[in-house]
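The values are calculated or read from the model by the stated rules, or taken from the named source; none is laboratory data. None of these values were measured; they are calculated from a predicted model. Quick reminder, even Gly has a Cβ in these numbers, built from the backbone with ideal geometry, and neighbours come from all protein chains shown. Ligands, DNA and RNA are stripped out before the accessible areas are found, and what is left, the full protein with its side chains, is counted by its heavy atoms. Shrake-Rupley method; radii C 1.70, N 1.55, O 1.52, S 1.80 Å.
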Amino acid sequence: MLPIAWIDEDTPLPPARHALGPESDAPGLVAAGGRVTPGRLEEAYRKGIFPWYGPGQPVLWWSPDPRMVLPTAEFRVSHSLRKTLRRFVRTPGCEIRVDQAFDRVIAACAGTPREGQDGTWIVPQVMNAYREWHRLGRVHSFETWMDGELVGGLYGVGIGRMFFGESMFAHRTDASKIALAALVAFARENGIDLIDCQQNTRHLASLGAHEIGREAFERHLAIACAAEDIGRWSYDASLWERLAP
């Protein structure tokens, strides 16, 4: 049995520093058990912890160290992505929407096949909890629309002036990158300095994300999550100017 905390619905999550270390078989694992509910998620995210588990497993709670983050000031817009964004902005029928089709976005994130992955961590219990949390105003989707069709997007958690990215999908080339660029523009406009990316991937690194230690991440969380919540989650085309070089 792993030397981790087993929790029930009434047990608080332990601090993230209690996570298993790099020498273990599950580095970053903080606790197991309980249920995924909006209340538990609120507690977890403020501590830098998130759920991640597969079908047939108990709920597993994680806090990786180091942590992959995207500083919004360091978002890297390549020449090809800038051309894609210009074309998107100028093309009639192409637009970014926020929170207009959240249920469809999370379902697409769960159902889109990914290279090197068999199945999804967005199991029904997780999907239902984030849908409920969205209806409470805490989870948001940034959506790429073309000619009235949802072609890509992402969703994540907004607490104070912190955004925790969760998952993205694309049914057309670069549709998820367009949504991420819109999120960064929105974040810059609203004083969000850091987007949590959880895990290190080459794709995120190519866009400017990098790793920081857990202590540095928790220091940022303490300030960002204590800030006033963003009052209005919407996207205006003028926000694209926030990505100007």
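Which angle between 0 and 90 degrees, to the nearest 10, do you get for helix 102-111 versus the longest principal axis of the chain when only C-alpha atoms count?
Taking Cα atoms only, the helix is inclined about 70 degrees.
In Å², and per residue, what accessible area does segment 1-149 have when probed at 1.4 Å with the other protein chains present?
Numbers: 7740 Å² over 149 residues.
Result: 52 Å² of accessible area for each residue.
Counting only protein heavy atoms, what percent of the accessible surface of the chain is carbon or sulfur at a 1.4 Å probe?
The C+S portion of the solvent-accessible surface of the chain is 50 percent.
Longest segment of the chain with no trypsin sites (Lys or Arg not before Pro) in a DSSP loop having at most 15 other Cβ atoms within 10 Å? Walk me through the numbers before you get to the answer.
Numbers: sites that count: 35, 76, 114, 172, 232.
For trypsin sites (Lys or Arg not before Pro) (loop position, at most 15 other Cβ atoms within 10 Å), the longest site-free span of the chain is 173-231.
With the chain treated as a Gaussian network of Cα nodes joined by springs under 10 Å, which of 180, 41, 136 yields the largest mean-square fluctuation?
Greatest mean-square fluctuation among the candidates belongs to 136.
Tally Lys/Arg at +1 and Asp/Glu at -1 over every other residue whose Cβ is under 14 Å from the Cβ of residue 101; what's the total?
Numbers: positive: 97, 104, 131, 135; negative: 95, 99, 103, 143, 149.
Once all neighbours under 14 Å are counted, the net charge is -1.
To the nearest 500 deg cm²/dmol, what mean residue ellipticity at 222 nm is calculated for the chain from DSSP H runs of n ≥ 4 alone, each contributing -39,500 (n - 2.57), summed and divided by the residues? Walk me through the numbers before you get to the answer.
Details: 7 runs with 74 residues, N = 245.
Estimated from H runs of four or more residues: -9000 deg cm²/dmol.
Would you work out if segment 169-245 is rounded, prolate or oblate? Take a ≥ b ≥ c from the square roots of the eigenvalues of the alpha-carbon gyration tensor; rounded if a/c is under 1.5, else prolate when a/b is larger than b/c, oblate otherwise. Intermediate values should be presented prior to the final figure.
Values: a/c = 2.09, a/b = 1.15, b/c = 1.81.
Oblate is the answer for segment 169-245, as a/c is 1.5 or above yet b/c matches or exceeds a/b.
Report the Rg/Rh value for segment 1-96, based on alpha-carbon coordinates and the Kirkwood definition of Rh. Walk me through the numbers before you get to the answer.
Values: Rg = 19.2 Å, Rh = 16.2 Å.
Ratio of gyration radius to Kirkwood radius: 1.19.
Quick query: amide H of residue 160 versus all other amide H atoms, modeled in the peptide plane; which residues come in under 5 Å with a sequence gap of 5 or more or a different chain?
229, 230
What GluC sites (Glu not before Pro) in segment 148-245 are in a loop by DSSP, with at most 10 other Cβ atoms within 10 Å of the Cβ? Intermediate values should be presented prior to the final figure.
Values: sites: 149, 166, 189, 211, 215, 218, 228, 241; in loops: 228.
Hits after loop and neighbour filter: 228.
So what does the Cα-only Debye profile of the chain read at q = 0.07, 0.08, 0.09 Å⁻¹, as log10 I(q)/I(0), no solvent term?
These q points yield log10 I(q)/I(0) values of -0.22, -0.29, -0.37.
Evaluate the relative contact order of segment 152-245 (contact order divided by residue number), counting alpha-carbon pairs under 8 angstrom at least 6 apart; express in whole percent. Before the final figure, lay out the partial values.
Details: 104 pairs, mean separation 33.7, N = 94.
Taking the mean separation of contacting Cα pairs over the length of segment 152-245, I get 36 percent.
Modelling each spin label as a point 7 Å along the Cα-to-Cβ direction, I'd like the residue 172/residue 107 distance in nm, to one decimal.
According to this spin-label approximation, the distance is 2.0 nm.
Which log10 I(q)/I(0) values does segment 100-242 give at q = 0.09 Å⁻¹ under the Debye formula, counting every alpha carbon as one identical point scatterer?
So the normalised log intensities work out to -0.27.
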